[in-house]
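Read the structure below first, then the notes.
The values are calculated or read from the model by the stated rules, or taken from the named source; none is laboratory data. Note that the coordinates shown come from a computational prediction; the quantities given were computed from them, not determined experimentally. As a convention, Cβ positions derive from the backbone with ideal geometry for all residues, glycine included, and neighbour counts pool all protein chains shown. These area figures cover heavy atoms from the full protein model, side chains too; ligands, DNA and RNA do not enter into them. Shrake-Rupley method; radii C 1.70, N 1.55, O 1.52, S 1.80 Å.
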Amino acid sequence: MKNKRITSLIMAITTCFAALSAAPCCIKAETADVKYEYGVFLGADPEDISYMENYRKIVIDAQYFEEEEISELKEAGHTVYSYLNLGSVEKFRPYYKKYKKYSLGTYENWTDEKWIDVSQKEWQDFVVGKLAKDILDKGVDGLWVDNCDVYYNFKNEGIFNGVTDILTGLKAYDTYVIINGGDTYISKYAEKNKNLDAIMDAVNQETVFSAIDWDNDLFTENDDDTREYFQDYCKLVSDFGKDVYLLEYTENSDIIDNVKNYCRENGYTYYASNTLDLLTPGQEKGSQLLTELNPGDDYYIDPDAIAELGPPGAGEKVSTFKPGFWEVYYNGTSVSEYIYFDPNGKDFISFSANSGTNMGGEYILENDKCIKTYETGYTEETTASIYEDRASLEYADGRIDVMSYISDVSPEDFSFLCNAEIIELLTNYYEKTTGILLNPCCFEIEDGYGTTNVYFTEDLYCNEDSVFKCCTVDRFTGEWTDENGRRIELDNTQAPGTYFTKGLWKCEGVSGDCEEGYYWFSGNEEDSVSYDITDKEQTDFSYHLSNGRGIAYMSDNVWFFACDETDDGLMLTWYCTEGALCTEKLTFIGSAEKNEVVWNNGDVVISAAEPEIYTAEDAERFKSFLLGNRCDLGNKNYDCNRDGIWNIFDLIEMRKIIGRNFSAHNI
């Protein structure tokens with residue numbers, strides 16, 4: 001549940017934007033015997049394969065299966081994921097003796113298992129370069145990665161960075177990565193990096209509704225606080241566009257029904273086991289039936305929506321994409337991007353429907369395969385069915401993106417409203433109409449074919465009814481109508497706002513896990529700075545504040561917050577990525593220009609009116625300090641280049657200052 005101080009005030013809406021255009025992936029399996037969606041059978045052996053034939057996606061420990069056995073599973077229509085232990089090592093593994101030297105301690109409730117120091121390069125190289133490679137070489141479809149919770153048990157930067165290095169190494173194989181649990185690590189990673197793309201594709205969360213009584217060897221039910229915590233964590237991952245799986249341990253039908261309803265409402269996938277060892281055969285009443293899938297659920301593709309693009313198989317297939325723009329529906333549900341295919345038959349440009357950003361690359365079509373390589377080096381391979389004006393791309397995990405041709409306009413002339421722009425327009429419209437600045441997360445975007453509907457949902461900060469229940473926008477013409485069909489005029493100008501007093505403000509956490517820091521405000525909305533004294537980082541940002549409610553913008557992220565006056569300062573309130581309410585107190589330190597706010601030995605201060613004067617003796621003392629010697633530096637600020645860190649570059653700058661002072665003195 002760690003939440004870095006808002007370093008920006010900023011992050012919640014990144015998760016909202018991701019949720020607006022992303023839907024879970026995969027479609028129903030076509031193998032006749034398959035009737036359940038997902039099963040986890042880590043205790044299964046090759047002799048148990050027949051017990052798994054009813055499950056579309058299965059998780060096994062592929063270290064104990066041969067390549068031919070995995071191939072048979074895949075040929076029978078199964079998606080196969082393999083267990084991979086990132087953060088601990090069991091005594092029964094053949095490599096236990098070699099790596100037990102890196103043990104951090106015994107794993108609670110699992111006496112044959114020890115936590116591993118994942119910061120060790122030898123362990124990282126083994127997991128990524130040997131263990132994972134051997135498993136993937138057997139032909140599995142992805143990795144089910146366990147024990148990222150080593151960071152929960154041993155919270156330090158070395159462990160955090162070690163987990164990150166291993167996960168990014170696994171993703172470099174371009175495989176599907178499911179992280180089992182990992183809430184403390186993933187929450188911190190998401191907060192620092194504002195996305196999860198580099199480390200994972202999905203989360204498998206155990207015991208959201210169920211619980212394990214280790215003392216009495218019983219399956220029980222989780223308390224409300226624990227269940228809500230894990231539900232918030234699942235939402236965090238889902239809001240970043242990642243798939244969510246639940247693994248429960250229970251035979252209780254009421255608990256299983258609660259799991260089933262929760263997953264149905266949120267588009268998640270579940271499996272409830274009646275054994276802690278995850279043995280076969282699977283528990284039928286704890287298995288998600290494929291027939292449970294409804295519109296909006298995981299893997300569902302609306303046949304009527306696909307019919308809009310032309311009946312399946314209509315017309316003749318073609319060997320290449322028609323030059324121009326194609327609209328892409330993520331798993332047939334919502335617009336995720338617009339792709340321009342160049343007439344040269346090899347180049348493409350992808351425009352994100354979520355953010356409006358674009359990225360180019362090259363593609364190859366051969367033998368019904370489409371291989372797209374983005375300019376970043378990332379590669380996607382899909383099975384392609386291409387017709388004159390429609391197409392579909394099927395991914396290895398079963399997801400099908402549906403495409404329709406929309407225009408032969410050039411990329412230079414292509415214009416559309418992305419989700420971020422739609423929400424900004426509606427936020428400004430609502431504020432100018434009612435005087436209330438709404439949390440942008442209140443707006444839910446639902447794409448139809450040709451038009452986009454926007455719905456007003458609950459605002460955690462405001463119980464006011466919206467001025468509209470729903471409106472419709474044409475992404476290409478920019479025309480808006482309300483729920484009654486009346487045209488409404490929107491523009492991107494903001495209502496006049498209010499400003500924080502110019503100068504330096506100190507931040508102190510009141511509730512939630514906020515950390516100490518500072519803000520400098522310019523007296524307008526355009527130029528502000530956040531100072532994180534824990535990581536010694538500073539970040540520029542802007543904000544808009546209106547009637548005690550504000551939106552802050554930093555890099556590609558956005559935070560919504562409430563602001564209240566107190567007798568001795570201001571209180572800022574916001575919801576962190578885990579859904580917890582956080583409060584931070586701001587106290588005015590003093591008026592200052594931006595260049596007067598400086599780092600001073602790890603803190604932030606308003607610099608003195610007169611510049612610091614340095615002598616040759618100061619330079620020698622500072623040099624000795626940098627070499628690791630004990631010395632008295634007095635009260636001078638040795639951060640000469642004002643980057644918040646004392647290092648050799650400050651010594652270089654100090655010598656320049658001394659040289660300039662010497663020259664000026666001798667003129």
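Can we say Ser103 is surrounded by 22 or more Cβ atoms within 10 Å (Cβ to Cβ), in contact with a strand residue (DSSP E or B) (Cβ under 9 Å, 6 or more places away or on another chain) and among the polar types (S, T, N, Q)?
Numbers: surrounded by 22 or more Cβ atoms within 10 Å (Cβ to Cβ): no; in contact with a strand residue (DSSP E or B) (Cβ under 9 Å, 6 or more places away or on another chain): yes; among the polar types (S, T, N, Q): yes.
Answer is no for this residue.
Scanning segment 394-412 for residues that are in contact with a helix residue (DSSP H, G or I) (Cβ under 9 Å, 6 or more places away or on another chain) and free of Cβ contacts under 8 Å to residues at least 60 places away in the same chain yields nothing.
Of the residues Ile70, Ile58, which is part of a strand (DSSP E or B) and among the β-branched types (Val, Ile, Thr)? Write out each step before concluding.
Numbers: Ile70 fails: part of a strand (DSSP E or B).
One residue alone meets the criteria, Ile58.
Residue-wise test of (1) closer than 16 Å to Tyr262 by Cβ; (2) free of Cβ contacts under 8 Å to residues at least 60 places away in the same chain.
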{"position": "Asn204", "(1), (2)": "yes, no"}
{"position": "Ser238", "(1), (2)": "yes, no"}
{"position": "Gly241", "(1), (2)": "no, no"}
{"position": "Glu248", "(1), (2)": "yes, yes"}
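Scanning segment 620-638 turns up at least one residue that is under 20 Å from Gln538 (Cβ atoms), within 45 Å of the chain's Cα centre (by Cα), at pLDDT 80 or above and part of a loop (DSSP other than H, G, I, E, B).
Of the residues Thr382, Thr427, only one is at pLDDT 85 or above and either touching a Cys at 6+ places or on another chain (Cβ under 9 Å) or surrounded by 15 or more Cβ atoms within 10 Å (Cβ to Cβ) (or both); which?
Numbers: Thr427 fails: at pLDDT 85 or above.
Answer to the check: Thr382.
Might you check whether a residue that is closer than 26 Å to Thr226 by Cβ and in contact (Cβ under 8 Å) with a residue 60 or more places away in the chain occurs anywhere in segment 88-106? Yes, segment 88-106 contains at least one residue that is closer than 26 Å to Thr226 by Cβ and in contact (Cβ under 8 Å) with a residue 60 or more places away in the chain. Of all residue pairs spaced 6 or more apart or on separate chains, those with beta-carbon atoms under 6 Å, a first member in segment 531-549 that is free of Cβ contacts under 8 Å to residues at least 24 places away in the same chain and closer than 30 Å to Asn428 by Cα and a second member that is open to solvent by less than 10 Å² (accessible area, probe 1.4 Å) and β-branched (Val, Ile, Thr) are Asp540/Val529. Of the residues making up segment 485-507, those that are surrounded by 13 or more Cβ atoms within 10 Å (Cβ to Cβ) and either farther than 20 Å from Phe560 by Cα or modelled with pLDDT of 90 or more (or both) are Ile488, Leu490, Lys502, Gly503, Leu504, Trp505, Lys506, Cys507.
On the given criteria, is Gly512 closer than 23 Å to Thr427 by Cβ, buried (at least 16 other Cβ atoms within 10 Å of the Cβ), modelled with pLDDT under 80 and not aliphatic (A, V, I, L, M)? Explain how you work it out, then say what you get.
On the way: closer than 23 Å to Thr427 by Cβ: no; buried (at least 16 other Cβ atoms within 10 Å of the Cβ): yes; modelled with pLDDT under 80: yes; not aliphatic (A, V, I, L, M): yes.
Taking the combined requirement at face value, the residue does not satisfy it.
Among all residue pairs at least 6 apart or on different chains, which show Cβ distances below 8 Å where the first residue, located in segment 413-426, is in contact (Cβ under 8 Å) with a residue 12 or more places away in the chain and the second is acidic (Asp, Glu) and open to solvent by 10 Å² or more (accessible area, probe 1.4 Å)? Taking only residues 6 or more apart or on different chains, the pairs are Leu425/Asp491.
Under the condition of being open to solvent by 70 Å² or more (accessible area, probe 1.4 Å) and among the hydroxyl-bearing types (Ser, Thr, Tyr), which residue from segment 51-75 is nearest to the chain's Cα centre (by Cα)? It would help to see each step written out before you state the result.
From segment 51-75, those open to solvent by 70 Å² or more (accessible area, probe 1.4 Å) are 51, 53, 64, 66-68, 72, 74-75; that's our starting set.
Add one more test, that the residue is among the hydroxyl-bearing types (Ser, Thr, Tyr), and what stays is 51, 64.
Numbers: Tyr51: 35, Tyr64: 33 Å.
Within segment 51-75, the match that is nearest to the chain's Cα centre (by Cα) is Tyr64.
Every residue in segment 327-351 that is outside any strand (DSSP E or B) and either open to solvent by less than 60 Å² (accessible area, probe 1.4 Å) or out of contact with any Pro (no Cβ under 6 Å at 6 or more places or on another chain) (or both), please. Break it down into steps so the answer makes sense when it comes.
Narrowing segment 327-351 to residues outside any strand (DSSP E or B): 331-333, 342-346.
Residues satisfying the conditions are Asn331, Gly332, Thr333, Asp342, Asn344, Gly345, Lys346.
Taken over segment 641-659, the criterion of being surrounded by 13 or more Cβ atoms within 10 Å (Cβ to Cβ), without any contact (Cβ under 8 Å) to a residue 24 or more places away in the chain and assigned to a loop (DSSP other than H, G, I, E, B) is satisfied by Asn641 alone.
If you check Leu437 against the conditions, is it aliphatic (A, V, I, L, M), under 30 Å from His544 (Cβ atoms) and surrounded by 14 or more Cβ atoms within 10 Å (Cβ to Cβ)?
yes
Filtering segment 261-283 to residues that are touching a residue at least 12 places away in the same chain (Cβ under 8 Å), open to solvent by 20 Å² or more (accessible area, probe 1.4 Å) and either of a type in the set (A, V, I, L, M, F, W, C) or assigned to a helix (DSSP H, G or I) (or both) leaves Tyr262, Arg264, Asn266, Leu276, Leu279.
Among the residues in segment 11-22, are any closer than 30 Å to Leu236 by Cα, at pLDDT below 50, in contact with an Asp or Glu (Cβ under 8 Å, 6 or more places away or on another chain) and part of a loop (DSSP other than H, G, I, E, B)? The answer is yes, given that some residue of segment 11-22 is closer than 30 Å to Leu236 by Cα, at pLDDT below 50, in contact with an Asp or Glu (Cβ under 8 Å, 6 or more places away or on another chain) and part of a loop (DSSP other than H, G, I, E, B).
Of the residues Phe468, Phe521, Phe561, the single one that is crowded, with 18+ Cβ neighbours inside 10 Å and at pLDDT below 80 is Phe468.
Restricting Gly324, Gly356 to those that are surrounded by 14 or more Cβ atoms within 10 Å (Cβ to Cβ), in contact (Cβ under 8 Å) with a residue 24 or more places away in the chain and under 20 Å from the mean Cα position of the chain (by Cα) reduces the list to Gly356.
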